[in-house]
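What follows is a single structure, written as structure tokens, with notes after it.
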Amino acid sequence: KSWQLYAKRRGRHAENKNYQESIEPLVTIRNLEEFFKYYSKLKLPSEYEVDVKIMFLYKYALLVGKIGLRVDVFSFILKGEIVKIAAEADAIWELLTFSLIGNQLDPDIIGLILSRHEKLILFEVWMRTTGRKKVIGRKIE
């Protein structure tokens, strides 16, 4: 699979463009070697500015609506002062991205999204809708 890394400004930092036009492609990654070439240059989730969204998507994921593919989105949030949740957020993102590139996650996963907010970091997992039931995780208090 080829994966593409995108950046998108949100909120007060966003320009008035439609969603597709506001997404900036950064790089296409075809294998582990290319992934590690770029990964060392990427910021960790806690290092991004507020209102930045990083999207690590299967090459055709942005065409979802156009090609009739349906997607389920599963989200989880780390909430608190960024300095207190930084290590957890960085570790979760690293685990997810390494697992995705290493084909260790469900093959129906077509994207990982990181959205940096002022007092929280939102993670999204995009999956092709297959009709099969999946247990992704559980609520942690």
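Since every read-out is calculated from the coordinates, none of them should be taken as a lab result. Keep in mind it's a predicted model, so treat the numbers as computed, not measured. Cβ: placed from backbone, ideal geometry, glycine included. Neighbour counts: every protein chain shown.
With each label modelled as a point 7 angstrom along the Cα→C-beta vector, the Q104-D51 pair spans 3.6 nm.
Could you tell me the calculated FRET efficiency between R10 and K37, based on Cβ-Cβ distance and R0 = 35 angstrom, to the nearest 0.05?
0.80
Between E124 and S75, full extension at 0.36 nm per residue minus the direct alpha carbon distance yields a gain of 17.2 nm. Electrostatic tally near K1: other residues with Cβ closer than 9 Å to its Cβ, Lys and Arg +1, Asp and Glu -1, net +2.
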